[in-house]
Amino acid sequence: MLLVDYSRRLCREFRHLLSHNKSEYVIGDCVFSSSAALTALSEQHYSVVVVHTERCDTAGLWLCHYIRKKSNVPILLLGGRDHFRLVRKALTYQVNDYLPCPVSSSALLHSLHRLRTCLEPEPVKKSPPVKPPIHLNGKALESNHVIRIIKAYVRDHLGDEITLKKISDMLHFNCAYLGQKFRLEEKMSFTDYMLQQRMEKAKLLLSSTSLRIYEIAVEVGYKDIDWFYKKFKSYTGSSPNAYRRQKTHTA
(Lines give C-alpha, C1' and ligand atoms only; values in the text may rest on other atoms or scores of the structure.)
Protein backbone atom coordinates (compact mmCIF):
# COMPACT_ATOMS: atom_id res chain seq x y z
CA MET A 1 0.00 0.00 0.00
CA LEU A 2 0.90 3.65 -0.32
CA LEU A 3 0.50 5.49 2.99
CA VAL A 4 0.04 9.25 2.64
CA ASP A 5 0.59 10.58 6.16
CA TYR A 6 0.23 14.35 6.44
CA SER A 7 0.80 14.03 10.20
CA ARG A 8 4.25 12.40 9.73
CA ARG A 9 3.66 10.09 12.70
CA LEU A 10 1.77 6.97 11.61
CA CYS A 11 4.21 5.18 9.34
CA ARG A 12 6.12 3.25 12.00
CA GLU A 13 2.92 2.51 13.94
CA PHE A 14 1.19 1.15 10.83
CA ARG A 15 4.17 -0.99 9.84
CA HIS A 16 4.20 -2.56 13.31
CA LEU A 17 0.43 -3.09 13.27
CA LEU A 18 0.43 -4.83 9.88
CA SER A 19 3.44 -6.96 10.79
CA HIS A 20 2.07 -7.91 14.22
CA ASN A 21 -1.26 -9.01 12.75
CA LYS A 22 0.40 -10.82 9.83
CA SER A 23 -1.61 -8.76 7.36
CA GLU A 24 -1.23 -9.46 3.65
CA TYR A 25 -0.80 -5.70 3.21
CA VAL A 26 2.58 -4.05 3.63
CA ILE A 27 3.52 -0.39 3.33
CA GLY A 28 5.41 -0.04 0.08
CA ASP A 29 6.00 3.68 0.51
CA CYS A 30 5.15 6.30 3.12
CA VAL A 31 4.97 9.91 1.92
CA PHE A 32 4.05 13.14 3.64
CA SER A 33 2.59 15.39 0.95
CA SER A 34 0.20 15.31 -2.00
CA SER A 35 2.98 15.98 -4.50
CA ALA A 36 5.07 13.11 -3.14
CA ALA A 37 2.01 10.83 -3.30
CA LEU A 38 1.38 11.69 -6.95
CA THR A 39 5.01 11.09 -7.79
CA ALA A 40 4.94 7.69 -6.07
CA LEU A 41 1.74 6.72 -7.88
CA SER A 42 3.26 7.66 -11.23
CA GLU A 43 6.31 5.50 -10.60
CA GLN A 44 4.82 2.38 -9.03
CA HIS A 45 1.62 0.33 -8.83
CA TYR A 46 -0.09 0.08 -5.43
CA SER A 47 -2.96 -2.14 -4.38
CA VAL A 48 -4.39 0.41 -1.90
CA VAL A 49 -3.83 4.07 -1.05
CA VAL A 50 -4.32 5.06 2.60
CA VAL A 51 -4.64 8.82 3.18
CA HIS A 52 -4.34 10.15 6.73
CA THR A 53 -5.55 13.75 6.65
CA GLU A 54 -4.94 14.81 10.29
CA ARG A 55 -5.36 18.61 10.09
CA CYS A 56 -5.00 18.65 6.30
CA ASP A 57 -8.56 17.76 5.30
CA THR A 58 -8.54 19.93 2.18
CA ALA A 59 -5.25 18.54 0.92
CA GLY A 60 -6.32 14.98 1.63
CA LEU A 61 -9.65 15.39 -0.17
CA TRP A 62 -7.96 17.07 -3.15
CA LEU A 63 -5.55 14.14 -3.38
CA CYS A 64 -8.43 11.63 -3.29
CA HIS A 65 -10.20 13.60 -6.01
CA TYR A 66 -7.09 13.73 -8.21
CA ILE A 67 -6.31 10.04 -7.73
CA ARG A 68 -9.84 9.02 -8.62
CA LYS A 69 -9.75 11.00 -11.86
CA LYS A 70 -6.71 8.96 -12.91
CA SER A 71 -7.20 5.56 -11.29
CA ASN A 72 -9.67 3.13 -9.68
CA VAL A 73 -7.18 2.09 -6.99
CA PRO A 74 -9.02 1.55 -3.65
CA ILE A 75 -8.69 4.54 -1.31
CA LEU A 76 -9.03 4.47 2.48
CA LEU A 77 -9.37 7.91 4.10
CA LEU A 78 -8.43 8.35 7.76
CA GLY A 79 -8.96 11.15 10.26
CA GLY A 80 -10.39 14.59 9.79
CA ARG A 81 -12.22 17.13 11.92
CA ASP A 82 -15.56 17.76 10.22
CA HIS A 83 -16.76 14.19 9.83
CA PHE A 84 -20.01 14.92 7.99
CA ARG A 85 -18.23 17.14 5.45
CA LEU A 86 -15.49 14.55 4.97
CA VAL A 87 -17.91 11.68 4.42
CA ARG A 88 -19.95 13.76 1.97
CA LYS A 89 -16.87 14.77 -0.01
CA ALA A 90 -15.37 11.30 0.22
CA LEU A 91 -18.56 9.92 -1.28
CA THR A 92 -18.37 12.46 -4.09
CA TYR A 93 -14.77 11.49 -4.82
CA GLN A 94 -15.61 7.76 -4.71
CA VAL A 95 -13.40 7.01 -1.72
CA ASN A 96 -13.89 3.35 -0.82
CA ASP A 97 -13.91 3.70 2.97
CA TYR A 98 -13.52 6.27 5.74
CA LEU A 99 -12.37 5.77 9.33
CA PRO A 100 -12.24 8.53 11.97
CA CYS A 101 -9.16 8.97 14.14
CA PRO A 102 -7.96 7.60 16.43
CA VAL A 103 -8.16 4.44 14.31
CA SER A 104 -8.35 1.15 16.16
CA SER A 105 -6.28 -1.73 14.84
CA SER A 106 -9.36 -3.92 14.42
CA ALA A 107 -11.21 -1.24 12.42
CA LEU A 108 -8.20 -0.68 10.18
CA LEU A 109 -7.65 -4.38 9.50
CA HIS A 110 -11.37 -4.91 8.90
CA SER A 111 -11.45 -2.04 6.42
CA LEU A 112 -8.39 -3.33 4.57
CA HIS A 113 -9.98 -6.77 4.41
CA ARG A 114 -13.12 -5.24 2.86
CA LEU A 115 -11.02 -3.39 0.31
CA ARG A 116 -9.78 -6.71 -1.02
CA THR A 117 -13.20 -7.06 -2.69
CA CYS A 118 -12.15 -4.16 -4.91
CA LEU A 119 -9.10 -6.11 -6.00
CA GLU A 120 -10.35 -9.68 -6.21
CA PRO A 121 -13.90 -10.72 -7.13
CA GLU A 122 -15.54 -12.73 -4.37
CA PRO A 123 -17.01 -16.15 -5.15
CA VAL A 124 -20.70 -16.06 -5.93
CA LYS A 125 -22.83 -16.47 -2.81
CA LYS A 126 -26.53 -17.15 -2.52
CA SER A 127 -26.97 -14.66 0.31
CA PRO A 128 -24.22 -12.02 0.35
CA PRO A 129 -23.75 -10.49 3.80
CA VAL A 130 -24.86 -6.96 4.53
CA LYS A 131 -21.89 -4.60 4.49
CA PRO A 132 -21.20 -2.82 7.78
CA PRO A 133 -21.89 0.93 7.70
CA ILE A 134 -19.29 3.66 7.72
CA HIS A 135 -18.53 4.71 11.29
CA LEU A 136 -18.15 8.18 12.76
CA ASN A 137 -16.48 8.63 16.13
CA GLY A 138 -16.74 4.91 16.73
CA LYS A 139 -20.53 4.85 16.16
CA ALA A 140 -22.46 3.78 13.12
CA LEU A 141 -23.89 6.65 11.12
CA GLU A 142 -27.34 7.54 12.41
CA SER A 143 -30.10 7.20 9.83
CA ASN A 144 -30.75 10.96 9.64
CA HIS A 145 -27.04 11.57 8.89
CA VAL A 146 -27.15 8.94 6.16
CA ILE A 147 -30.24 10.55 4.62
CA ARG A 148 -28.54 13.97 4.68
CA ILE A 149 -25.55 12.51 2.84
CA ILE A 150 -27.78 10.83 0.25
CA LYS A 151 -29.74 14.04 -0.38
CA ALA A 152 -26.54 16.07 -0.66
CA TYR A 153 -25.11 13.57 -3.12
CA VAL A 154 -28.25 13.72 -5.28
CA ARG A 155 -28.19 17.53 -5.33
CA ASP A 156 -24.50 17.55 -6.27
CA HIS A 157 -24.87 14.93 -9.03
CA LEU A 158 -28.21 15.58 -10.72
CA GLY A 159 -26.54 15.44 -14.12
CA ASP A 160 -25.04 12.00 -13.46
CA GLU A 161 -26.49 8.53 -13.52
CA ILE A 162 -27.64 8.05 -9.92
CA THR A 163 -28.94 4.87 -8.31
CA LEU A 164 -29.60 4.04 -4.68
CA LYS A 165 -27.57 0.85 -5.20
CA LYS A 166 -24.52 2.90 -6.17
CA ILE A 167 -24.88 5.17 -3.12
CA SER A 168 -25.56 2.27 -0.75
CA ASP A 169 -22.41 0.49 -1.97
CA MET A 170 -20.35 3.63 -1.33
CA LEU A 171 -21.75 3.93 2.19
CA HIS A 172 -21.56 0.18 2.87
CA PHE A 173 -25.30 -0.13 3.50
CA ASN A 174 -27.81 -2.68 2.28
CA CYS A 175 -29.74 -1.08 -0.59
CA ALA A 176 -33.19 -2.32 0.47
CA TYR A 177 -32.62 -1.22 4.06
CA LEU A 178 -31.46 2.21 2.93
CA GLY A 179 -34.51 2.56 0.68
CA GLN A 180 -36.82 1.81 3.60
CA LYS A 181 -35.00 4.30 5.84
CA PHE A 182 -35.19 6.99 3.15
CA ARG A 183 -38.94 6.49 2.69
CA LEU A 184 -39.47 6.57 6.45
CA GLU A 185 -37.46 9.81 6.91
CA GLU A 186 -38.60 11.69 3.79
CA LYS A 187 -42.15 10.32 3.35
CA MET A 188 -41.32 9.49 -0.27
CA SER A 189 -39.23 6.95 -2.14
CA PHE A 190 -35.69 7.67 -3.24
CA THR A 191 -36.85 7.53 -6.88
CA ASP A 192 -39.57 10.11 -6.23
CA TYR A 193 -37.11 12.36 -4.40
CA MET A 194 -34.62 12.18 -7.25
CA LEU A 195 -37.37 13.01 -9.77
CA GLN A 196 -38.50 15.93 -7.62
CA GLN A 197 -34.99 17.35 -7.40
CA ARG A 198 -34.40 17.00 -11.13
CA MET A 199 -37.70 18.59 -12.07
CA GLU A 200 -37.32 21.46 -9.62
CA LYS A 201 -33.86 22.23 -10.96
CA ALA A 202 -35.20 22.02 -14.53
CA LYS A 203 -37.95 24.52 -13.61
CA LEU A 204 -35.35 26.86 -12.13
CA LEU A 205 -33.13 26.65 -15.22
CA LEU A 206 -36.08 27.18 -17.56
CA SER A 207 -37.19 30.32 -15.72
CA SER A 208 -33.78 31.83 -14.95
CA THR A 209 -31.46 30.90 -17.83
CA SER A 210 -31.42 30.93 -21.62
CA LEU A 211 -30.14 27.36 -21.87
CA ARG A 212 -31.69 25.27 -24.62
CA ILE A 213 -34.12 22.56 -23.58
CA TYR A 214 -31.75 19.73 -24.45
CA GLU A 215 -28.99 21.42 -22.44
CA ILE A 216 -31.27 21.61 -19.42
CA ALA A 217 -32.25 17.97 -19.91
CA VAL A 218 -28.60 16.92 -19.80
CA GLU A 219 -27.97 19.21 -16.83
CA VAL A 220 -30.57 17.34 -14.78
CA GLY A 221 -29.59 13.85 -15.86
CA TYR A 222 -31.65 13.09 -19.00
CA LYS A 223 -29.82 12.04 -22.15
CA ASP A 224 -33.09 11.21 -23.92
CA ILE A 225 -34.80 14.54 -24.66
CA ASP A 226 -38.17 12.88 -25.36
CA TRP A 227 -38.10 11.15 -21.99
CA PHE A 228 -37.29 14.47 -20.32
CA TYR A 229 -40.27 16.11 -22.05
CA LYS A 230 -42.52 13.29 -20.88
CA LYS A 231 -41.34 13.38 -17.25
CA PHE A 232 -41.46 17.18 -17.09
CA LYS A 233 -45.01 17.37 -18.45
CA SER A 234 -46.14 14.63 -16.08
CA TYR A 235 -44.58 16.51 -13.15
CA THR A 236 -45.69 20.08 -13.98
CA GLY A 237 -48.68 19.63 -16.28
CA SER A 238 -47.03 21.57 -19.10
CA SER A 239 -44.20 21.11 -21.56
CA PRO A 240 -40.78 22.69 -20.89
CA ASN A 241 -41.37 25.24 -23.66
CA ALA A 242 -44.81 26.18 -22.34
CA TYR A 243 -43.47 26.44 -18.82
CA ARG A 244 -40.69 28.78 -19.96
CA ARG A 245 -43.12 30.97 -21.92
CA GLN A 246 -45.46 31.17 -18.95
CA LYS A 247 -42.68 32.18 -16.55
CA THR A 248 -41.27 34.70 -19.02
CA HIS A 249 -44.70 36.25 -19.51
CA THR A 250 -45.49 36.47 -15.79
CA ALA A 251 -42.04 37.90 -15.07
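The values are calculated or read from the model by the stated rules, or taken from the named source; none is laboratory data. None of the values given here were measured: they were computed from a predicted structure. Please note: Cβ atoms are built from the backbone with ideal geometry, for glycine as well, and neighbour counts cover all protein chains shown. Areas reflect the complete protein model, heavy atoms only, side chains present, ligands, DNA and RNA absent. Shrake-Rupley method; radii C 1.70, N 1.55, O 1.52, S 1.80 Å.
Computed values, structure above
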read-out	value
22 Å Cα-Cα threshold exceeded, pairs from K70/K166; K166/K230; K181/K230; K181/K231; K187/K230; K69/K166	K166/K230; K181/K230; K181/K231; K187/K230
Accessible surface, per residue, of region 176-224 when the full set of protein chains is kept, probe 1.4 Å, Å²	60
Relative packing of 43-51, 93-101, 226-234, which averages over residues the other C-beta atoms within 10 Å, highest first	93-101, 43-51, 226-234
Whole-percent carbon and sulfur share, accessible surface of region 171-246, 1.4 Å	50
Surface accessible to a 1.4 Å probe, per residue, for the residues of region 1-61, Å²	55
